[in-house]
């Protein structure tokens, strides 16, 4: 393992560091990413080289965590965006809609980094929109019980991947300030197993220069 990797600085197309990006998805979107018997997500993991973890399935919303070097993350994003585009095209076959809706992804970032993404007077977000062709919106409100905001990006798969490259660069240059309380979707009423309520269960641990990763991001199978 090269100890100077951090000092390796900028490689072509991005910074040579490991990133963790979190996406917020609805159950149907997650089903599409997982595929029959998990085949789609397996293929995405193998072809991109990214670690792709999906939070527990008892919530209507799920967190999809993608981890890897920047190039690996972009490959995984391209594959996810292309899969969503396929789903849009498939849904249009028997529809009277003539214009193709854009692919939309929701990313989740610590609110302390969102200011850098917006820039002074919205200058940074405007620059990203203009240079990638993707629409980018930062939510005004924090996600419930967290210090994170949703960042919605929409456009063609290519525009989305370019947009993620810009966002990753901004986020690496502006690490989160203070402790991050990650957003965790609440289980749907009556579904799933009991969620831990001890105060320490909500503690996130932060890796310097990266996003705080909640310990429960790794799916734990209930006993029995």
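Laboratory data are not the source of any read-out in this text; all were calculated from the coordinates shown. Every value quoted in this text rests on a predicted model; they were computed, and no experiment measured them. Cβ placement follows ideal geometry from the backbone for every residue including glycine, while neighbour counts extend to all protein chains displayed.
Let me know the shape class of region 134-183, please: from the alpha-carbon gyration tensor, a ≥ b ≥ c as square roots of the eigenvalues, rounded when a/c is under 1.5, otherwise prolate if a/b is greater than b/c, or oblate. Oblate, because a/c is 1.5 or more while a/b does not exceed b/c. Here the extension length gained between residue 91 and residue 28 equals 21.4 nm, from 0.36 nm per residue of separation less the Cα-Cα distance.
What the pair-distance distribution of region 17-179 shows, using all Cα-Cα distances binned every 10 Å from zero, is 10, 39, 37, 13, 1 percent. Of the peptides 82-95, 133-146, 19-32, the order by per-residue mean of other Cβ atoms within 10 Å, starting with the highest, comes out as 19-32, 133-146, 82-95. Under 20 Å from the 7 Å Cα→Cβ point of residue 99, by amide nitrogen: which residues of region 117-154? Backbone N within reach: 129-130, 132-137, 153-154. Once Rg and the Kirkwood radius are both taken over the C-alpha atoms of region 72-114, their ratio Rg/Rh works out to 1.14.
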